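Computed from the coordinates by the stated procedures, all read-outs in this text should not be read as laboratory data. Every value quoted in this text rests on a predicted model; they were computed, and no experiment measured them. Virtual Cβ from ideal backbone geometry, glycine too; neighbours counted across all protein chains shown.
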Amino acid sequence: MARMIAARLLDAVPTVLLVLTLVFVALRLLPGDPALVVLGEYATQEQLDLFRREMGLDQPLLWQWFAFVRDMLTLDFGVSMITREPVVQLIGQNLPYTIELTLVATGMGLLFGVPMGVLAAVHRNRAPDSGVRAFSLIGYAIPDFYLGALLLIVFALNLGWFPINGGGEGFWDRMYHVFLPALTLAFVKTAFLGRLTRTALLETLGKDYVRTARAKGARENRVVYRHALRNALLPVTTGLGLSLLATLSGSVAIELIFNRPGIGELLISAIAKRDYPVIQGGVVVFAFFVVTVNLLVDLAYIVIDPRIRAQA
Amino acid sequence: MMPEPLLAVRDLVVDFGKPGAPLRAVDGVGFEVEAGGAVGLVGESGSGKSVTALSILRLIGAPGRIAGGEIRLQGEDLLALPAAQMPEIRGRDIAMIFQEPMSSLNPLMTIGDQVGEALLLHQDLDRAARRARVVELLGLVGIPDPASRLGAYPHQFSGGMRQRVMIAMALACHPKLLIADEPTTALDVTIQAQVLELMKRIRDTTGAAILLISHDLGVIAEMCERVVVLYAGRVVEDGEVRAIFHRAAHPYTRGLLQSIPRLDDDRHRLSQIPGSVPLPGRVKAGCPFLGRCGLRIARCAEQMPPLVEIADRHRAACWVTAGARG
Amino acid sequence: MSSALEPAQDLAPEEPRFAALRRLFSRERPATLVASAVVLVFVVVALAAPWLAPHDPLAQSYLRINTYPSAEHWLGTDQFGRDVFSRLLYGARNSLIFGLVSPAIAAVVGTTLGVAAGYFGGVIDRTVSRLIDTLLAFPELLLAIMVSAVLGGGFWNVVMVIAVAFVPGFARVARSATLAVKQEPYIEAAVAVGLGTMKTIWRHVLPNISAPVVVLATLWVASAIRLEASLSFLGLGTQPPNPSWGNIIRDGLGNIFGSPWPIIGAGFAITVVVLAFNILGDAMRDLLDPEIQ
């Protein structure tokens with residue numbers, strides 16, 4: 001198993017390089033001259049030169065690429081053009097809030113979504129199934145930023161039950177601050193995970209080994225939870241990775257709505273201020289996040305499924 | 001009066017499809033299995049033999065449902081029991097072995113846990129006793145060094161070994177009846193012979209009755225005393241194995257016999273019965289074998305021939321060969 | 001198996017023409033009917049917004065700021081005194097354009113990539129496949145945010161951003177469809193008679209992979225509408241003062257103590273339209289592939 005994990009970790013290296021190259025291409029080549037884009041048409045030649053020197057834009061492209069990859073991998077994102085703070089420090093301050101939001105939302109989504117999917121699959125084509133189906137249709141359609149805005153208006157502004165901004169200090173205060181934003185993201189997630197669990201469970205419930213379990217004399221609860229659900233959780237694990245990343249993308253808007261600190265909030269305000277090094281840092285952090293989550297999903301597979309473990 | 005049979009299936013009817021337009025997969029099937037006896041259920045795919053087997057354990061899943069008949073285990077009608085009582089009977093009184101050893105074991109559970117689960121469900125044993133019994137069972141079915149294989153997963157076993165595990169699991173609680181649904185079909189020929197050998201030994205040593213389901217009359221002849229031939233959800237012939245082999249009455253049974261490969265006679269080409277079993281719901285009045293039968297007469301298209309006794313404990317349903325009188 | 005002796009009644013009745021369409025709108029699926037009606041209304045509103053809108057969506061009036069719904073202003077006015085209902089109608093137009101144009105562009109680019117990879121194989125396939133796999137790991141919204149962080153807002157940039165987010169999906173579908181088609185004897189025949197590569201692809205490959213690509217494009221209309229709204233909400237999409245359902249909510253949030261109606265109205269519009277497209281998409285997929293439940 002250790003060898004398999006090592007192999008998978010090694011396989012992530014070219015992916016990281018490819019992702020960084022894509023980011024590099026996007027940042028340096030697509031928008032034309034970054035110096036002009038950032039400083040605007042009315043910048044003086046001295047300003048442009050200074051910026052180019054600072055960002056290394058006066059170097060050959062290949063060297064720029066190498067320097068970029070080296071800097072990103074060593075988390076050297078430069079300093080903010082506005083506040084002159086190191087970008088890595090800004091990210092360090094904001095990242096915990098984003099991770100906290102994503103994880104709490106994912107936890108809530110699992111907590112509601114998996115039991116909902118089980119309920120729907122066990123009562124296939126009956127009332128609970130229709131209910132879950134209706135819920136997931138709405139969950140897929142309603143934009144998270146709309147739901148977040150509604151929750152903010154009702155529960156924070158009108159009823160005053162929850163704070164309207166900030167991330168909180170200390171564990172309980174932070175949980176109090178993260179609750180409403182996480183609930184917003186969990187809504188969509190619950191719909192997704194519920195439907196995924198339903199589909200996966202229905203498939204495993206039709207498998208031969210489930211029939212074997214019944215023929216052995218296992219009662220329905222045991223059949224569902226011991227035999228079918230464990231096997232159904234394999235596809236759910238992949239879905240969980242996808243959904244974690246979807247939540248991360250959703251967190252950008254949610255941080256804006258609830259005035260929470262976070263990478264999304266950092267990135268969006270940097271875009272508004274054209275703070276190029278911060279934009280670059282934020283984009284790269286998102287990219288790292290995606291690569292890491294995909295890696296974790298694959299590693300989870302190795303741990304859960306003895307068949308994959310055996311291929312080593 | 002004859003002693004009560006271990007299992008008596010009477011007039012079993014199983015429908016698939018919507019209630020308004022049922023598709024009849026099993027239509028009035030009846031047979032008996034004596035305690036310690038061995039009965040074979042033979043027919044092509046679509047003949048209703050697997051559905052019949054699953055019905056005995058009441059494991060027919062939606063959209064199928066048992067629409068009529070009786071299934072008596074030692075006199076008690078299983079179809080009249082509340083559904084919640086069936087798990088007590090499954091695995092304890094009646095155990096089942098399935099066709100696909102590759103997919104019939106849970107891929108995420110160890111062999112030891114899967115065999116042990118049958119014990120856990122029906123017997124009050126502590127962990128150590130259960131473990132000991134699992135080792136004993138795995139040894140019984142011929143798995144080498146069973147104690148070291150308890151923690152192995154199904155994918156680490158070959159098809160034949162998995163089928164042995166299935167058999168061990170079925171034997172765990174000393175069932176009175178063992179239903180084996182095509183237990184060797186998915187295996188290589190040499191492995192088939194080994195597994196059949198194992199099943200014969202089990203029949204002789206455990207005293208469990210066996211209901212063997214197969215499309216292969218040759219396999220059934222090796223194991224069973226009696227044969228029930230199913231066609232399109234109906235019993236078309238039944239009798240002792242010897243009687244069926246020597247004096248098969250139904251044209252369908254004769255066709256099945258001709259399709260058994262014979263090692264002593266390679267001059268004859270294997271013959272195959274032309275056509276296939278009509279789909280449930282497509283059978284109209286008359287004999288379901290009509291379209292594939294070389295002996296048909298006018299009456300066959302009009303009326304379904306009844307199952308009539310043609311010799312001692314030998315019945316067939318054919319207007320022509322069994323001289324059925326309607 | 002031979003069927004010479006098969007009784008005639010075994011033959012399944014042939015399916016009448018347009019049965020598929022009729023099933024799509026059968027009475028058993030009232031949701032599909034309602035969804036189609038909603039989509040129709042959406043399209044009509046989008047096309048006829050200038051004639052339907054009671055007010056100019058950009059006209060500001062400081063005399064009636066943040067009014068609540070009335071006979072004159074069905075959804076009230078915003079912080080600039082603009083008529084929210086009219087802005088919503090014009091927002092539909094904005095959504096429809098993005099919903100149609102972005103998947104179309106993505107379909108063209110993605111199909112080109114996928115067909116090239118599937119047809120030529122080798123290095124091209126390995127490069128494109130690796131690229132697709134890497135990009136597919138990114139959720140569409142995240143990819144869109146990352147790209148628009150670099151490109152900035154504006155109509156064509158947003159179209160491109162959404163298209164880029166969808167390209168990997170199209171490329172994957174087109175690639176696997178091409179791989180399947182490539183095995184067909186008519187491709188071999190076309191090559192054997194000396195038909196050029198481009199002509200072979202144009203005449204024989206493309207027509208045979210068009211079905212899954214077109215289905216995907218229709219399924220993604222809803223995603224594109226959502227994506228544009230999300231980007232506009234983040235300030236990366238349609239720029240004010242042009243109305244988009246996303247930036248109406250953004251403006252509404254900045255004016256949250258003024259009137260909640262812009263948020264409620266625009267959010268409701270997105271939800272209903274996306275829901276309708278999703279229901280229609282599900283029904284279509286069920287129809288084309290009854291195996292999937």
Separation between Cα centres of segment A:70-147 and segment B:155-221, rounded to whole Å = 51
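Could you give me D for segment C:73-216, from Stokes-Einstein at 10 °C and 1.306 mPa s, where the hydrodynamic radius is the Kirkwood radius over C-alpha pairs? Units µm² s⁻¹, please. Could you put the intermediate results ahead of the total?
Details: Rh = 17.4 Å.
It comes out at roughly 92 µm²/s.
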Normalised by the residues of chain B, what does the relative contact order come to in percent, with Cα pairs under 8 Å and at least six apart?
-> 20
Inter-label distance for A:THR83 and B:GLU4, nm, one decimal - labels placed 7 Å from Cα along Cα-to-Cβ | 8.5
Take the Cβ-Cβ distance between A:VAL303 and C:LEU40 as r, set R0 to 56 Å, and report the resulting FRET efficiency rounded to the nearest 0.05.
-> 0.65
With springs only between Cα atoms under 10 Å, which of C:TRP202, C:TRP220, C:TRP245 fluctuates most in a Gaussian network model of chain C?
-> C:TRP202
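With 22 Å as the cut-off, how large is the P(r) tail for segment B:1-103, expressed as percent of Cα-Cα pairs?
Details: 1620 of 5253 pairs.
Roughly 31 percent, rounded to a whole number.
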Over the whole of A:241-247, what's the average partner chain Cβ count within 10 Å per residue? Rounded to a whole number, please.
-> 2
Starting from the Cα of C:ASP133, step 7 Å along the direction of its Cβ; do the same at C:GLN60; then give the gap between the two resulting points in nm.
-> 5.3
Kyte-Doolittle at least -1.0, axis length at least 27 Å by Cα - qualifying DSSP helices, chain C | C:30-52, C:84-120, C:155-182, C:206-233, C:261-288
Efficiency of FRET from Cβ geometry, A:ALA6 and B:SER259, R₀ 41 Å, rounded to 0.05 = 0.15
Selection from A:LEU150, A:GLY92, A:TYR276, by position along the positive dipole direction of segment A:89-311 (Cβ) = A:LEU150
Which value, in debye to the nearest 20, describes the size of the charge dipole of the protein assembly as shown about its Cα centre when Lys and Arg Cβ atoms bear +1, Asp and Glu Cβ atoms bear -1, and nothing else is charged?
-> 1220
Computed over chain A: relative contact order in percent, which uses C-alpha pairs under 8 Å that are six or more apart = 26
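Using +1 on the beta carbon of Lys and Arg, -1 on that of Asp and Glu, and nothing else charged, what's the dipole of segment A:2-73 about the Cα centre, debye to 20?
Values: 6 positive and 8 negative charges, 108 e Å.
Here the size comes out at about 520 debye.
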Could you give P(r) for chain A, binned at 20 Å from zero, as whole percent values over all Cα-Cα pairs?
-> 27, 49, 22, 3, 0
Within segment A:191-211, the residues whose backbone N lies under 19 Å from a label point placed 7 Å from the Cα of C:ALA31 along the Cα-to-Cβ direction are A:191-203
Helix B:127-140 versus the longest principal axis of chain B: what angle, 0 to 90°, nearest 10, using Cα atoms?
-> 50
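Among C:GLU228, C:GLU140, B:GLU302, what is the fewest-to-most ranking by other Cβ atoms within 10 Å?
Details: C:GLU228 28, C:GLU140 23, B:GLU302 12.
Least to most surrounded, the residues fall as B:GLU302, C:GLU140, C:GLU228.
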Based on Cα positions only, what radius of gyration and what Dmax would you give for the protein assembly as shown, in angstroms?
-> 34.5, 115
Given the candidates A:MET4, C:VAL193, A:PHE187, the one whose Cα lies deepest towards the positive end of the charge dipole of the protein assembly as shown, counting +1 at each Lys or Arg C-beta and -1 at each Asp or Glu C-beta, is C:VAL193
Check every DSSP H run in chain A and write down those whose alpha carbon atoms cover 30 angstrom or more along the long axis and whose mean Kyte-Doolittle hydropathy is 1.0 or greater.
-> A:2-24, A:87-122, A:229-257, A:276-304
Which FRET efficiency value, to the nearest 0.05, is calculated for C:LEU52 and C:GLN239 with the Förster distance at 22 angstrom and r the Cβ-Cβ distance?
-> 0.40
In nm, to one decimal, how far is the modelled label at B:PHE245 from the one at B:GLU302, with both set 7 Å along Cα→Cβ?
-> 4.0
Do any chymotrypsin sites (Phe, Trp or Tyr not before Pro) in segment A:1-102 lie in a DSSP loop with no more than 11 other beta carbon atoms within 10 Å, and if so, which?
-> A:TYR42
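If you take each beta carbon of peptide C:222-233 and count the beta carbons of other chains within 10 angstrom, what is the mean? Don't jump to the answer; show the numbers that get you there.
Working: counts 2, 1, 0, 1, 5, 1, 0, 3, 8, 1, 0, 10.
Across C:222-233, the average partner-chain Cβ count within 10 Å equals 3.
Within 10 Å of each Cβ in A:144-152, how many Cβ atoms from other chains are there, averaged over the peptide? Could the numbers behind the result be given before it?
Numbers: counts 4, 11, 15, 2, 4, 11, 5, 0, 3.
Going residue by residue through A:144-152 and averaging, the value is 6.
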Report the longest stretch of chain A that contains none of the trypsin sites (Lys or Arg not before Pro) sitting in a DSSP loop with at most 11 other Cβ atoms within 10 Å.
-> A:127-312
Can you grab the distance from the C-alpha centre of segment C:70-102 to the C-alpha centre of segment A:155-205, Å, no decimals?
-> 30
Most fluctuating of C:GLY110, C:GLY121, C:GLY281 in the GNM of chain C (C-alpha, under 10 Å) is C:GLY121
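Segment A:1-102: which GluC sites (Glu not before Pro) are DSSP loop and have at most 15 other beta-carbon atoms within 10 angstrom? Each step should come with its number before you reach the end.
Details: sites: A:GLU41, A:GLU46, A:GLU54, A:GLU100; in loops: A:GLU41.
Those satisfying the criteria are A:GLU41.
Note down the magnitude of the dipole of chain B about its Cα centre, charges +1 on Lys and Arg C-beta and -1 on Asp and Glu C-beta and zero elsewhere, to the nearest 20 debye. Write down the numbers at each step before the final one.
Values: 36 positive and 36 negative charges, 156 e Å.
Charge dipole, chain B, about its Cα centre: 740 debye, nearest 20.
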Identify which of C:ALA171, C:ALA137, C:ALA180 has the largest mean-square fluctuation in a Gaussian network model of chain C, with springs joining Cα atoms closer than 10 Å.
-> C:ALA137
Under 19 Å from the 7 Å Cα→Cβ point of A:GLN45, by amide nitrogen: which residues of segment A:54-74?
-> A:54, A:57-59
Which listed residue (B:GLY40, B:LEU119, B:GLY139) has the Cα farthest towards the positive end of the charge dipole for the protein assembly as shown, taking +1 on Lys and Arg C-beta and -1 on Asp and Glu C-beta about the Cα centre?
-> B:GLY40
